Structures are given as C-alpha cells and as structure tokens.
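Student: One structure follows; several queries about it will come next.
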Amino acid sequence: MNTLEGKVVALTGAASGIGRCLAIELAEKGSHLAIADVDEQGLQQTLELLPKEAKASLHIVDVSNRERVYSWADEVVKEHGHVDCIINNAGVASSMTIEDISYEDFEWVFDIVFYGVLYGTKAFLPYLKQRPDAHIVNISSVNGFFPFPTNGPYNCAKHAVKALNQTLLQELRHTSVNVTSVHPGGIKTNIVRNSRFAEGTESGEAAQKKIEGFDRMAGTTPEKAASIIIKGMLKNRKRQLVGVDAVIIDLLVRLMPQGFSDLVGLRHDRAVAEN
Ligand SMILES: NC(=O)c1ccc[n+]([C@@H]2O[C@H](COP(=O)([O-])OP(=O)(O)OC[C@H]3O[C@@H](n4cnc5c(N)ncnc54)[C@H](O)[C@@H]3O)[C@@H](O)[C@H]2O)c1
C-alpha cells in the first residue's frame with residue numbers, strides 16, 4: 001500500500017493492545033476505519049482515543065463466527081463505499097501442555113487465531129480485488145515459525161496463519177492485493193492475562209507467575225509494534241518481524257534449529273521443576 005491517507009481499513013481485535021494502537025496510528029495517518037472486536041466497551045474506548053476528525057465505524061464481530069465475518073465485510077462496504085485493507089489482528093492464547101489441554105480449549109484458540117484470519121481474508125478478498133492498491137495484513141507471531149511449550153494451539157494456529165500468508169503471496173502475485181505476514185515477538189499487552197490456563201490455576205499463583213513472567217519478557221510496547229507494522233505495510237513488505245527478540249529468534253532458528261528448540265525445552269523443564 002503506497003499511502004494510508006483516505007484508505008478504508010477494516011481491523012479486528014481493535015479493543016486492546018496492538019489493535020488499539022494500530023487504530024490510533026492509522027487514523028492519525030488519515031485512514032477511514034471499520035474497527036471490530038467482541039469487547040464492545042474496549043472498542044468504544046478505542047473510538048474515543050482516535051483523533052477528533054477521524055472517520056470510523058464500530059462493529060461487534062466474533063471472528064470465529066464465519067457468517068458474522070462475511071456480514072461485517074458487507075457492512076463495511078455499505079458504510080464506507082469500498083474497502084482497501086483488512087488487518088486480521090484479533091487473537092487469544094492458552095497456557096497448557098498438549099497433554100493437558102481439552103479439545104474445547106484447543107478449538108477456542110484455533111478457531112479465533114486461524115479460522116478468524118481465514119474468514120477475514122476470504123470475506124474481504126473479493127472487495128479488495130476491486131481496488132487499485134489493496135492490502136491483507138495477517139498477524140502471525142514468532143510462534144508462527146518457532147513453537148514455545150504450553151502454547152500448543154497457538155503455535156499450530158500461528159504456523160497455519162504463516163502458511164496461509166505464504167500461499168496468498170503466491171496466488172495474489174499479479175493482483176492489486178499486497179500481503180504482509182506479521183511476526184511479533186513479546187509485546188506488552190493483555191494477551192497472556194486473557195489466556196485460558198489449566199483448570200484450578202486460572203486465578204491461582206501459577207497463572208499469576210506466568211503473567212508476570214510475560215510482562216517482564218515482553219520488550220516491545222504495543223505503540224511501537226503498531227508503528228513497525230504500519231511501516232511494513234507502507235513498504236509492501238511480504239514479511240515483517242516486530243521487536244528485537246523476534247529478529248534474534250528468527251536468526252537462532254536459522255542458525256541452530258534443533259539446538260535452539262532443545263534449549264527452550266530445557267528451560268521449560270527447569271521452570272516445571274521449580275514450581
Ligand atoms: N502480545 C504479544 O506478545 C504478541 C506476540 C505475537 C503475536 N501477537 C498477536 O497480536 C495480535 C493482537 O494481540 P494483542 O497482543 O494485542 O492482545 P490483546 O489481548 O491485547 O488484544 C487482542 C484483542 O482481540 C480481541 N478478541 C479476542 N477474541 C476475539 C474474537 N473471537 N473476535 C474478535 N475479537 C476478539 C480481544 O477482545 C482483544 O481486544 C494477536 O493476533 C496476537 O496473537 C501478540
């Protein structure tokens with residue numbers, strides 16, 4: 001996308017974290033927004049944080065509900081006349097091993113993190129293809145190219161989002177639709193706080209420890225993350241890493257794929273032994 005001025009951007013997960021910061025910076029750059037989330041109160045707060053002159057519509061959308069995502073795409077075009085960009089950003093996580101996690105919790109993560117992105121992509125694509133300079137931005141993660149323990153469904157879903165993005169890049173090469181696959185490292189947001197934890201630890205000490213550990217480790221602010229993503233969009237980058245940790249992890253995975261994985265596994269063993 002060469003400019004964001006006057007472009008209509010649809011954005012999911014806009015009630016918090018990276019999504020809220022994307023909404024604010026996009027509005028500052030003159031984009032017209034269609035912001036969506038399941039959290040109506042948070043979405044309203046985002047709306048209030050936008051510059052006064054911003055043109056924005058608010059939509060309650062559960063991205064794991066295929067029909068609702070399709071009706072949202074129609075709604076956006078009805079309200080704004082057309083749509084130039086979809087940013088599939090909404091996401092959730094869990095904190096349980098593959099052995100412990102229930103199918104229900106696995107599906108909760110996978111349905112939002114993967115199918116939410118697939119529905120958003122397919123529902124908006126026909127409209128995007130009608131535009132001269134369009135963009136699909138799908139937020140994956142470092143977990144999209146390297147899995148971390150106790151994050152199984154998220155690892156699987158983010159790998160699937162990366163594969164979806166790479167497929168789109170191949171299939172949409174000769175169209176007006178650009179694709180950016182975004183891979184953030186640790187970003188200081190509510191993602192872990194809103195995770196599903198193993199039964200009995202949800203509000204317990206173990207969960208609290210994980211939240212505090214994430215807050216210490218996450219080195220990038222959501223404002224900075226949004227800024228990097230928007231720069232990547234404007235440069236039509238096919239792949240955008242976000243944060244120094246993401247760059248380092250990317251390097252380590254290339255240099256020592258098995259060694260790095262063993263090291264992360266060892267660290268997990270130690271953490272389990274300490275608890
Ligand atoms: N925070 C990180 O360290 C990090 C790292 C890599 C990738 N990401 C990804 O960045 C994206 C944004 O996450 P964040 O860190 O800002 O987290 P966040 O929890 O602050 O924001 C996520 C937003 O998604 C919304 N959401 C959850 N379920 C939804 C659903 N079914 N339908 C619509 N909206 C829903 C939430 O209400 C919330 O507003 C996610 O895709 C996440 O996986 C985050």
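The values are calculated or read from the model by the stated rules, or taken from the named source; none is laboratory data. Nothing here was measured: the structure is a model prediction, and the numbers come from that model. So basically every Cβ, Gly included, is an ideal-geometry build from the backbone, and we count neighbours across all protein chains shown. Note: accessible area is taken over every heavy atom of the protein model, side chains too, but ligands, DNA and RNA are not part of it. Shrake-Rupley method; radii C 1.70, N 1.55, O 1.52, S 1.80 Å.
Student: Quick check: Cα centre of the range 220-254 to Cα centre of the range 143-157, how many Å?
Tutor: 18
Student: Also, I was wondering about something else. Once the mean 1/r over all distinct Cα pairs of the chain is inverted, what Kirkwood radius in angstroms do you read off? Walk me through the numbers before you get to the answer.
Tutor: Numbers: mean 1/r = 0.0527 Å⁻¹.
Answer for the chain: a Kirkwood hydrodynamic radius of 19.0 Å.
Student: Test of understanding: in a Gaussian network model of the chain with alpha carbons linked when under 10 Å, which of Gly120, Gly204, Gly19 would top the mean-square fluctuation ranking?
Tutor: Answer for the Gaussian network model of the chain: Gly204.
Student: In addition: Ordering Val272, Val77 from largest to smallest accessible area (1.4 angstrom probe), what's the sequence?
Tutor: Largest accessible area first, the list is Val272, Val77.
Student: Measure off, as a whole percent, the carbon and sulfur share of the 1.4 Å-probe accessible area of the chain, all protein chains present.
Tutor: Of the solvent-accessible surface of the chain, carbon and sulfur hold 52 percent.
Student: Over the range 103-214, what is the relative contact order in percent, taking alpha-carbon pairs closer than 8 angstrom and at least six residues apart?
Tutor: In percent, rounded to a whole number, it is 29.
Student: Let me ask something else about it. For the cross-link pairs Lys78/Lys122; Lys7/Lys122; Lys78/Lys238; Lys7/Lys235; Lys7/Lys231; Lys209/Lys231, which exceed 23 Å when the distance is taken from alpha carbon to alpha carbon?
Tutor: Listed pairs above 23 Å: Lys78/Lys238; Lys209/Lys231.
Student: While we're looking at this one, here's another question. How large is the helix-only mean residue ellipticity at 222 nm for the chain, computed as the sum of -39500 (n - 2.57) over DSSP H runs with n ≥ 4, divided by its residue count, in deg cm²/dmol to the nearest 500?
Tutor: Calculated mean residue ellipticity at 222 nm is -15500 deg cm²/dmol.
Student: So, with +1 on the Cβ of K and R and -1 on the Cβ of D and E, and no other charges, what is the size of the charge dipole of the range 8-245 about its Cα centre, to the nearest 20 debye?
Tutor: With only Lys, Arg, Asp and Glu charged at Cβ, the dipole is about 1160 debye.
Student: Mind ranking Trp108, Trp72 by accessible surface for me, highest first, 1.4 Å probe?
Tutor: Trp108, Trp72
Student: Given an 8 Å cut-off on Cα distances and at least 6 residues of separation, report the relative contact order of the chain as a percent. Spell out each step's value before the answer.
Tutor: Values: 516 pairs, mean separation 52.4, N = 275.
About 19 percent, as a whole number.
Student: Leaving ligands, DNA and RNA out of it, rank Leu47, Leu164, Leu22 by accessible area with a 1.4 Å probe, largest first. Intermediate values should be presented prior to the final figure.
Tutor: On the way: Leu47 55, Leu164 25, Leu22 0 Å².
Final ranking, largest accessible area leading: Leu47, Leu164, Leu22.
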